[in-house]
Amino acid sequence: LGLESSAPSQDLPHLVWYLFVQRPYFWDLSEAGSWLLIIGSQVVLGLNFQGLPAGGGGAFSDIAYFYTSFSLPSSRDILVPLDNYISRGTSHFLTCKDPDYQQSLCNTLSAIMSDRNMEDGDIEPAPKLIEVVFQNCKGQVDQWVEPYLRITIDRLRRAEKPYFKCLLVQVVADALYYNATLALATLQKLGVATEVFNLWFQMLQQVKKSGKHANFKREHDKKVCCLGLTSLMALPADQLPGEAMVRVCKATLELLVLYKVQVAESQKKDDGNDDDMDGFQTDEEDEDEDESDKEMGDDAEEGDEADSIKLQKLAAQAKAFELDESDEDSDDDFSDDEEVQSPIDDVDPFIFFVETVQAVQASDSSRFQNLMQSLDFHYQALANGIAQHAEQRKVEIEKEKLEKAASS
């Protein structure tokens, strides 16, 4: 294969590169062959750029080509390697022109999003990859804001699945967080600003028969929307008139409250899981350390039962991924990639909101006063609660930094 004789750790990238990128047609793109291609692409795109052969950057374009040209077992499997390529090698992604990664990605996503033969569920990675670009390349991809918003709005008009609609609206939110002035001007240029925001606010208000909100179910979804809407509030009055400012502020306050509740519930659930792990030990062990063998056997059975319960919970969570998002009565929150890391992880939406409002107050006090007077008692109470929580979050974040520094 022309591999140099060296340590296995150096040969492996070249071998994988040769088999999966330079000679991909060796593999039968049946189900088994497709899985091999996915595994190979994840290895190749996950490697350090310095570990690839000369011209190895072509992996990005080649993998994108296979994504659009063949039916892979699950389109979601291509998201992680391409995400890694952009987020871990951002500088290379932005500066390399031969091949032009940015143009290649835009061409690929445009082809996917405009394909009327592809169902909503098959192209979920497309808006997620646009999000990866906007979040990782803040201030460096202005030229792609209009193309990405254009294909996103076009697909949004044809989207059917609620979860997919949420992903597309979140692209708008990401664009606003990336550059609110540019994003809003682009939406107005395309003549879709009113249409998009009306749909967005409608989706935020939509509830199921159970009373739970129907859209933007994940913590990540809510956070992205909060950051996008808050970024709008930072715009000057000539770009965001007073009436629109009030509408955006109210929607953001309601969403921040929902996000706060969901984060608290998740933390409570995590704490409960920790307690379950501790519960593998018998609760009576402190009362009598000289239990009989029979009693020890009973404890073991209880431990097995606890194991079984936890496995059943995991199985139920896995099954929830297969639920139809259009099921109005389903109360299962979609949480497929809640643990995926992103550049907004370190951005606290409560602090971001409060600091944005404070900036408005400092730059245009009359506008701030008009905003406050336009909020009724309910929304003023929400605003005060968010302000208090933001101060609490500042203390918690500082404490976390000190603890991390002490442990390092």
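Details
- Residue count for region 199-254 satisfying the condition of being among the acidic types (Asp, Glu) and either open to solvent by less than 20 Å² (accessible area, probe 1.4 Å) or at positive phi (or both): 1.
- Residues (without any contact (Cβ under 8 Å) to a residue 60 or more places away in the chain and part of a helix (DSSP H, G or I)) located in region 226-261: GLY228, LEU229, LEU232, GLU243, ALA244, ARG247, VAL248, ALA251, LEU255, LEU258, VAL261
- The listed residue being within 21 Å of VAL246 (Cα to Cα) and in contact with a Leu (Cβ under 8 Å, 6 or more places away or on another chain), out of LEU382, LEU375, LEU371: LEU382
For every residue, the table says whether it meets (1) hydrophobic (A, V, I, L, M, F, W, C); (2) surrounded by fewer than 23 Cβ atoms within 10 Å (Cβ to Cβ); (3) under 22 Å from GLU243 (Cβ atoms).
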position: VAL133; (1), (2), (3): yes, no, no
position: VAL145; (1), (2), (3): yes, yes, no
position: ALA175; (1), (2), (3): yes, no, no
position: ALA183; (1), (2), (3): yes, no, yes
position: GLN188; (1), (2), (3): no, yes, yes
position: PHE197; (1), (2), (3): yes, yes, yes
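- Condition broken by PHE164, with the remaining ones in (1) open to solvent by 10 Å² or more (accessible area, probe 1.4 Å); (2) of a type outside the set (Val, Ile, Thr); (3) more than 20 Å from PRO343 (Cβ to Cβ) satisfied: (1)
- Cβ separations smaller than 9 Å between residues 6+ apart or across chains give the following pairs from region 379-408 residues that are under 22 Å from LEU256 (Cα atoms) to residues that are outside any helix (DSSP H, G or I) and modelled with pLDDT of 95 or more: LEU382/LEU375; ALA383/LEU375; ALA390/ASP348; ARG393/ASP348; LYS394/ASP348; ILE397/ASP348.
- Residue list for region 128-166, restricted to those being without any contact (Cβ under 8 Å) to a residue 12 or more places away in the chain and either in a helix (DSSP H, G or I) or over 25 Å from GLY191 (Cα atoms) (or both): GLN143
- Residue within region 344-367 that is in contact with a helix residue (DSSP H, G or I) (Cβ under 8 Å, 6 or more places away or on another chain), closer than 12 Å to CYS249 by Cβ and open to solvent by 50 Å² or more (accessible area, probe 1.4 Å) present: no
- When ASP154 is tested against (1) open to solvent by 10 Å² or more (accessible area, probe 1.4 Å); (2) within 24 Å of ALA383 (Cβ to Cβ); (3) not hydroxyl-bearing (Ser, Thr, Tyr), exactly one condition is not met: (2).
- Every pair of residues 6+ apart whose Cβ atoms lie under 6 Å, when the first sits in region 345-358 and is under 12 Å from LEU227 (Cβ atoms) and in contact (Cβ under 8 Å) with a residue 40 or more places away in the chain while the second is in a loop (DSSP other than H, G, I, E, B) and open to solvent by 20 Å² or more (accessible area, probe 1.4 Å): THR356/ALA234
The values are calculated or read from the model by the stated rules, or taken from the named source; none is laboratory data. Treat the numbers as computed from the prediction; the structure is a model and nothing was measured. Please note: Cβ atoms are built from the backbone with ideal geometry, for glycine as well, and neighbour counts cover all protein chains shown. Heavy atoms of the whole protein, side chains included, go into the accessibility calculation; ligands, DNA and RNA do not. Shrake-Rupley method; radii C 1.70, N 1.55, O 1.52, S 1.80 Å.
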